[in-house]
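This report refers to the structure that appears directly beneath it.
No value in this document is a laboratory result; all are computed from the given coordinates. Not measured: the values here are computed from a predicted model. Note: ideal-geometry Cβ built from the backbone for every residue, glycine included; neighbour counts use all protein chains shown.
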Amino acid sequence: MNGLHGIIFSYEKEPGLRELVEHRMPASIPFGGRYRIIDFMLSNMQNAGVTDVGIVLHGNYQSLLDHVGNGKTWDMSRKHGGLRILPPFADNRKYRSGEEFEGKMQALAGVRSYLEQIRQDYVVVADSDLIINIDIDEVYKAHLASGADITCVCTANYKKTEEATFFLLGDDNKVVKTLCSPKKPEGYHCLEIYILSKELLLKLVDTCEAEEKVSFRSDVLNGMGDQLDIRAFVFDGMAAQIRTVKEYYDRSIDALNPRIYRALSTPERPIRAKEDDETPTYLAPESRCVNALIADGCEIAGSVENSIIFPGVRIAKGASVRNSVLFKGTVIEENASISYVIADKNVTIRRGGKLTGHESYPMVISKGSTI
């Protein structure tokens, strides 16, 4: 798909994610035993033939840089085009102090010189904290067929939360009203994936900069909705924007459902992740594993139930792990017991320790902690 260019926004702060974003941005939070959240959007673009992608950074981005590298995992390591990392601050004359952007339009104004050099006629703009497997090629074809100025991906299969954008639709999926963070959500939930022409994008950037407007959803979708032909592409599959610890925990446990896991990584549209080159996992004869996702490089001698286990985790004899998510390098020593816990990287739960969270408020253990 040589006619489509990708831009991914990676934001720093989501207060609801608590300890999970102490050392990383939401985009680089591990998910599903082997992925980072940004792997989904990068893979969606690669599966649609999008080879030129710019990631707009914001804030605590070192972990994300380490993960995406030069884009080789997604076949985006190229001499011309490929993956490009864009600065987390505005570089135009209004923002020479290096301050970070406040909204998508301000961020795009800051990298306008990059936008001008885009070789493709159309751009797909997306957030990085979305877990979804979507055929972007299908969205692109629908955009071209409709003749719309902007096509927005949305869904009806989503919990109605206030901190989101919703669309009321008319004939031919035309957006007749945009609701930004409404007190009473209604309509279709916006998944923050948009397709529009490069030419229109540049015009919108210039207009918003001249009028000192910074937001795409408030100042463009809502503020210019009567001037633009905005259409919706309704997606009926599994989609999750990770904004809170509870959302992260629930969607992680959902991945234990084989139907949902297969929907997230289908043979036709695989989700690619950075290789860890780990050894095979060892399951001791006395171990017990029930309804669990266990990555490579683990040593399991205890009991694991309804849990997600990332590479390099060690669970000792007599230890019990239930309804939990353990990031890379976590160690559960002998006779320790944890339930409803999210343990960040390199956490150690000492011998005989017991930690119990709750399904509605999972306990999160910070990276490198020993308890």
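Quick notes on this structure:
- Reduced Cα scattering model of the chain, Debye log10 I(q)/I(0), q = 0.09, 0.10, 0.13, 0.15 Å⁻¹: -0.53, -0.65, -1.04, -1.31
- Label-to-label distance, SER366 versus ASP149, with points set 7 angstrom from Cα along the beta-carbon direction: 4.7 nm.
- Projected-area average for the stretch 282-365 over all orientations - Cα convex hull basis, square nanometres: 4.3
- Partner aspartates and glutamates for LYS79 [C-alpha distance under 14 Å; skip if fewer than 8 residues away on the same chain]: ASP52
- Assuming charge only on the beta carbon of Lys and Arg (+1) and of Asp and Glu (-1), the dipole of the chain about its Cα centre is about 700 debye to the nearest 20.
- Here is how the number arises for the chain: DSSP H runs of 4 or more residues each give -39500 (n - 2.57), the sum is divided by the residue count, and the result at 222 nm is -5500 deg cm²/dmol.
- Dipole of the stretch 274-371, positive end: most advanced residue of ASN323, TYR282, GLY357 [Cβ charges, Cα centre]: GLY357
- Checking every one of the trypsin sites (Lys or Arg not before Pro) in the stretch 278-325 against DSSP loop status and a limit of 11 other Cβ atoms within 10 Å picks out no site at all.
- Dipole of the stretch 4-264, positive end: most advanced residue of ILE150, ILE38, TYR114 [Cβ charges, Cα centre]: ILE38
- Other residues with beta-carbon under 10 Å from the beta-carbon of MET224 carry, at +1 per Lys or Arg and -1 per Asp or Glu, a net charge of -2.
- Think of each Lys and Arg Cβ as +1 and each Asp and Glu Cβ as -1; about the Cα centre, that makes the dipole of the stretch 282-365 roughly 160 debye.
- For VAL304, the residues 5 or more places off, or on other chains, whose built amide H falls under 5 Å of its own are ARG288, CYS289, VAL290, VAL321.
- Reach of LYS184 by Cα under 14 Å, taken over aspartates and glutamates that are not fewer than 8 positions away in the same chain: GLU162, GLU163
- Dipole of the stretch 195-252, positive end: most advanced residue of LEU201, GLY237, GLY225 [Cβ charges, Cα centre]: GLY237
- In this structure, the pairs whose alpha-carbon distance is over 28 Å, taken from LYS177/LYS246; LYS246/LYS274; LYS317/LYS367, are LYS177/LYS246.
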